[in-house]
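This report refers to the structure that appears directly beneath it.
Each value in this text was obtained by applying a stated rule to the coordinates, not by laboratory testing. These numbers were taken from a predicted model, which means no experiment stands behind them. Don't worry about glycine lacking a Cβ; one is built from the backbone with ideal geometry, like all the others, and counts go over all protein chains shown.
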Amino acid sequence: MRFYLYALLGGLLSFQLSIVHAGQAALAMPDSYSAEAVEKVLRSGGNAVDAAVAGGFVLAVTYPEAGNLGGGGFMTLFMQEQNRSAAQAYFLDYRETAPGSASRDMYLDGKGEVIPFASLVGAKASGVPGTVMGLWQAHRRFGKLSWKQLLQPAIDLAQNGFIVDPALQEHSLWYQSWVADKSDEELNFDHYFGNLQSGERFRQPELAQTLRRIAESGADDFYRGRTAELIVQSMRARNGLIDSKDLAGYQVKWRQPIRFDWNGYQVISAPPPSSGGIALGQLLQMYSILKPQYLKAQETARRNLQDLVALKTHFFAEMEKRVYADRAEYLGDSDFVAVPVKSLLSSAYLQKRAAEVNLQKISDSEAVKPGLAESPETTHFSIVDSDGNAVSNTYTLNMPFGNGVVIEGGGFLMNDEMDDFSTKPGVANVFGVTGGHANEIVPGKRMLSSMSPTLVLDGERVKAVVGTPGGSSIITSVFQVLVNSLDSAVTKEMDGEMSAQQAVDALRVHHQLWPKDRIDYHPELSPQTEAALKAKGYKLRLNNYLGDVQFLLRKDDEWQAASDYRGRGQAKVFTLPAKVQTEN
Ligand code: GLY
């Protein structure tokens, strides 16, 4: 809402003053350092993209499990571009690409078998990183504050250090023991990150230097300058594949996001090379198709004193089976393979798929075919500025701390994203998901992802911003948080609405077709539900880590912000003072 005050001094003042009303901004960030940096940027007049750039670089310092310079990701945006009257949705793909000398069978031995961990550990596991170019291009298109100013918090934290969180120390100890027997290559992870002590200050002077160069020269430093040289040197010394041509040729892609209607809202999410938006669209739309049947089954179960959470978990698993079968068969980088996006999201197809769901018993996994003719780490953040612009950003190194290789002289970890390609048809990757021809390795191609940075629009305004890490469970986590917060069936179940925090903290479960009939669950699952699911024929696996959701939800005109209690995130809503703008 704007109030216009006209200058009274006639000929002396020919401009109009407009006072923009105070507005709420909100953030949900995976740690307190990035939350602080984002709040500062928003308070100093930066928009959601400025805040995302500052937060993204801070996380590369304080959240080395997944925050990164050496990885890649996706950003879903709702922004008002200069010279455009209204905000609209955009999608930025800064996913890593396969190096020019990569080949389809590069992770197979002479007998055609997958070489264990070759696509996960060591220099050969890295794709060409996209993060620095992604943040650079987002800033060029939408940024208001200076690039240098936005990098300063990250530079300070790398130079002066930050206090190590207990979870970070724990993750680094876990990674050191996990990676120890996975490769013959001498990794340098321990040298850089082997001594993280909870509660102690941790400084990264090499990384500070790299960030200073990027602040000075932009993405050019990383892709063509001194940092590019350091990456290539490190790759040469370790038989890695990335060369200077790969770096100089790296490009981000502005893509059309996946859009679909659900429950009166428009959902905006990640298109290929992510499977996230399509899978989320299939789940939410099948959920709506099957809801009347599900509510009937719920009534019967209630009357018969059966476990309602077990019923819901089974219902979700039945839909998820079909979604992950399609993912394995059809999805890959749409610049290289034809992905039947429209067919996979068409209502006729989803009606047919929904009709296969059996609410009473488990469908046979072998019979679920494609339907047309961790502690896995990644990190997500959600930001809304006081003008209503929003950024939903998920980026990753793949495994926690990526491939275990730090670029010497650069001080940053490299990704092991090559494992997200299908190294051999039908052989599962680290997340247990398989793929085939659509996701095989080709130079320059982007590997299939599950990252699902998502926005929900209510008319012309953002209603929710959501995303999470968690590998293949990203899709089902985003699905459950949206159903928890935006579906009336849940409201009824709860005798009221879930707050953003309740929607995030609630029990989550996950099924992905294979392993057969296995449900991963959070510790909140009750013993009674566990028994009911086992009696149905499911095998249960406790999984403490089904994501670290960062969620913003608007109820009427008030934002709610929630960071998953399972992570070390920080969420906040604050009101910015009214802005005074002058207009001619
Ligand atoms: N590396 C995890 C994903 O992209 O889904």
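Numbers for the structure displayed
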{"item": "Amide H contacts of residue 452 (H built 1.01 Å from N, under 5 Å, at least 5 apart or other chain)", "result": "468"}
{"item": "Over the chain: helical MRE at 222 nm, DSSP H runs n ≥ 4 each giving -39500 (n - 2.57), nearest 500", "result": "-11000 deg cm²/dmol"}
{"item": "Alpha carbon convex hull of the range 493-584, volume per residue in cubic angstrom", "result": "166"}
{"item": "Pairs of alpha carbons in the chain whose separation is greater than 38 Å (percent)", "result": "28"}
{"item": "Computed FRET value (nearest 0.05) for residue 148 with residue 226, which takes r as the C-beta separation and R₀ as 30 Å", "result": "0.95"}
{"item": "Using a Förster distance of 51 Å, the FRET efficiency for residue 303-residue 178 (Cβ separation, nearest 0.05)", "result": "0.60"}
{"item": "Extreme residue, positive dipole direction of the chain, given options 525, 230, 110 (C-beta unit charges)", "result": "525"}
{"item": "Proxy reagent accessibility, fewest Cβ within 10 Å first, across 243, 385", "result": "243, 385"}
{"item": "Inter-label distance for residue 263 and residue 348, nm, one decimal - labels placed 7 Å from Cα along Cα-to-Cβ", "result": "2.9"}
{"item": "Rounded if a/c under 1.5, otherwise prolate or oblate - the range 365-437, Cα gyration tensor axes", "result": "oblate"}
{"item": "Rg/Rg_ref, the range 52-119, where Rg_ref = 2.2 N^0.38 Å and atoms are Cα", "result": "1.71"}
{"item": "Potential lengthening between residue 104 and residue 372 on full extension [0.36 nm per residue; Cα-Cα distance subtracted]", "result": "93.9 nm"}
{"item": "Relative exposure of 136, 174, judged by other C-beta atoms within 10 Å (fewest first)", "result": "174, 136"}
{"item": "Cβ charges +1 (Lys, Arg) and -1 (Asp, Glu), total dipole of the range 143-264, debye", "result": "680"}
{"item": "Peptides ranked, highest mean first, by Cβ atoms within 10 Å: ranges 430-438, 78-86, 183-191, 120-128", "result": "120-128, 430-438, 183-191, 78-86"}
{"item": "Kirkwood-type radius of the range 404-465, with distances r between different C-alpha atoms, in Å", "result": "14.6"}
{"item": "The range 148-285: Cα Rg divided by the 2.2 N^0.38 Å rule of thumb", "result": "1.41"}
{"item": "Cα-based shape type of the range 23-177, given that a ≥ b ≥ c are square roots of the gyration tensor eigenvalues and the cut on a/c is 1.5", "result": "oblate"}
{"item": "Rh by Kirkwood over Cα pairs, then Stokes-Einstein D for the range 316-415 at 1.002 mPa s and 20 °C, µm²/s", "result": "123"}
{"item": "Inter-label distance for residue 544 and residue 83, nm, one decimal - labels placed 7 Å from Cα along Cα-to-Cβ", "result": "5.3"}
{"item": "Evaluated over the range 213-281, the Cα radius of gyration and Dmax, each in Å", "result": "18.4, 55"}
{"item": "Segments 292-304, 29-41 sorted - mean Cβ within 10 Å per residue, highest first", "result": "29-41, 292-304"}
{"item": "Pair residue 141, residue 427: separation of 7 Å Cα→Cβ label points (nm)", "result": "3.7"}
{"item": "Whole-number Å³ per residue for the convex hull built on Cα positions in the range 285-346", "result": "74"}
{"item": "Cβ-based exposure ranking for 349, 94, 395, 192, in which fewest neighbours within 10 Å come first", "result": "349, 192, 94, 395"}
